[in-house]
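First up is the structure itself, then whatever we jot down about it.
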Amino acid sequence: MTDDTTDPIVISGMAVEAPGGIDDLGSFWDALSGGHELIGAFPRNRDWDIEEVLALDRIDGWAPVADAGGFLDAATEFDPLFFGISPREAAAMDPQQRVALRVAWRALEHAGINPGALDGEEVGCYMGVSISEYGPRAAAVNEFSGHRIAGTALGAASGRISHSLGLIGPSVSVDTACASSLTALHLAAGAVRGDECDWAIAGGVCVMGSPAAFYEFSKNNGLAADGHCRSYAANATGTLWGEGAGVVIVERESRARAMGHRVYGRVEATRINHNGKGMPIVVPSASAQEKLIRKTLLAAQIDPSDVGLIEGHGTGTPLGDPMELTALQNTYGKSGTSEVKLGSVKSNAGHAQAASGMLGLIKVLLCGEHGQTAPSLFADDPTDKIDWDASALRLADDLDHWEPTNGVRYGAISSFGVSGTNAHAIIGMPEPTDVGLRSPTRPANTAAEVSHA
């Protein structure tokens, strides 16, 4: 087993799909750096009962649902024959499987890897995936019977990628709720580190097969009243659900260099833990988050003051954000005179659930690539639940230069799930030796509409 200090785990490729029609890294960076909000109205092409969703507040004790969310424009589009899948089987597949397939393909191309030449390779695949209520019940007789078991299995989010590409390394779908994709990164890095596979694909995907999450949070009064996810803001009233997908390529640095792959970031450390018992399972724990951050910093062997950017969970909930800020204040916030910028991609695109951590990770990697910290929306009115004057934390309210520390920009990413699982990662991004991102080729781009998501 190789020592991480001499041959670290690195990220050498990435790809993303986000709300607002974003399906490439350049457009994603433009939206982030420009401080654009990517929220839109509920999709009208998914056979959802939109009228009922928007009238939930007529039920006593239920809160209003704004006609807003971070929805993927191309969630209903897919080119099945490109991936060797019949149109009928594709229609029976959870759209998360379809989106994960095409985003994984683009991430491989971005790394300079030919996805069509991997058959029989010892490559791992780890995908965070969300619950879904897509399509008819499997216990029914219809034209999709025979395809529904694989089509609805969460395990097929990773399995479809491994099967399509012919990968024979570990293939694992991860469901730790909103911590899923960072947990997938943790498992992928560990698998490469432990020589379980030569290299790995890690990511997360969320496409809502139904508006179930809006029902749940309407009943729990946890939705943003105005249809905006105001991360860490004083006037935040709740979260806003979104969708998205992100995939990164994980390998040893020696392999990346030998293959001519560009290193976008080193995985300095990842850790996961659980809140334990006490409060209800959906309630976050500031103490568990603080312990996790400290363990991750210890594993990374860096000082908190070295971290210049934190991509927080930042769901915009009056309960969750203050707890997270308490943990951040007790760790990164006490780092002395140096300031650390804090933000959340959820303010741009909503809460992408199992994919949220991966979207945040790619945001940090792009910030490192461009040497700038992207603004977090609604940062002009920070919550008063912590003493900002006594803290090194500062909400990222503008596009600012990101000064490296000894030639490296260190960023941290957090994700916390309603399952009680917490995940934290620290990424070191060396100053690039060349400028710009590769533009991936696009044979796996979205094509004909195959079904209603």
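In this view, the solvent-accessible surface of Asp4, computed with a 1.4 Å probe and all protein chains in place, comes to about 50 Å². Applying a threshold of 19 Å to the alpha-carbon distances of Lys277/Lys385; Lys295/Lys334; Lys295/Lys363; Lys341/Lys363; Lys277/Lys346 flags Lys277/Lys385; Lys295/Lys363; Lys277/Lys346 as lying beyond it. Descending by average beta-carbon neighbour count within 10 Å, the peptides 286-293, 256-263 line up as 286-293, 256-263, the highest first. Computed from the C-beta positions of Glu196 and Glu133, the FRET efficiency with R₀ = 30 Å rounds to 0.35. Shape class for the stretch 156-209, computed from the alpha carbon gyration tensor (a ≥ b ≥ c): oblate, with a/c not under 1.5 and a/b at or below b/c.
For Asp389 and Asp49 in the same chain, what is the full-extension length gain: residue separation times 0.36 nm, less their Cα-Cα distance, in nm?
117.7 nm
Karplus-based coupling profile of the stretch 401-409, in residue order and whole Hz: 5, 10, 6, x, 10, 6, x, 10, 9, with θ = phi - 60° in 6.51 cos²θ - 1.76 cosθ + 1.60 and x standing for Gly or Pro.
For the chain, complete DSSP H runs whose alpha carbons reach 15 Å or more along their own long axis and whose mean Kyte-Doolittle score is 0.5 or higher are 180-193, 356-370.
Normalising by the residue count of the stretch 1-112, find the relative contact order in percent from Cα pairs under 8 Å and 6+ residues apart. Once normalised by length, the contact order is 33 percent. Report the local net charge at Asp380: Lys and Arg +1, Asp and Glu -1, summed over other residues whose C-beta lies under 15 Å from its C-beta. My count for the surroundings of Asp380 gives -3.
As a calculated quantity, the FRET efficiency between Phe82 and Arg257 at R0 = 25 Å, using C-beta atoms, amounts to about 0.20. Each Lys and Arg contributes +1 and each Asp and Glu -1, all at the Cβ; summed about the Cα centre of the chain, the dipole is approximately 820 debye. Its relative contact order, with pairs defined as Cα atoms under 8 Å and 6+ residues apart, puts the chain at 24 percent. Can you give me the Kirkwood hydrodynamic radius for the chain, using every pair of distinct Cα atoms, in Å to one decimal? Here the Kirkwood hydrodynamic radius works out to 21.7 Å.
For the stretch 90-138, the carbon plus sulfur part of the accessible surface works out to 47%, probe radius 1.4 Å. Residue separation of Thr5 and Asp381 scaled by 0.36 nm, minus their Cα-Cα distance, works out to 131.2 nm of gained length.
Between Glu122 and Arg58, full extension at 0.36 nm per residue minus the direct alpha carbon distance yields a gain of 17.6 nm.
The values are calculated or read from the model by the stated rules, or taken from the named source; none is laboratory data. All of these numbers come straight from a predicted model, not from anything done at the bench. Please note: Cβ atoms are built from the backbone with ideal geometry, for glycine as well, and neighbour counts cover all protein chains shown. Protein only, heavy atoms only, side chains kept; ligands, DNA and RNA dropped before computing areas. Shrake-Rupley method; radii C 1.70, N 1.55, O 1.52, S 1.80 Å.
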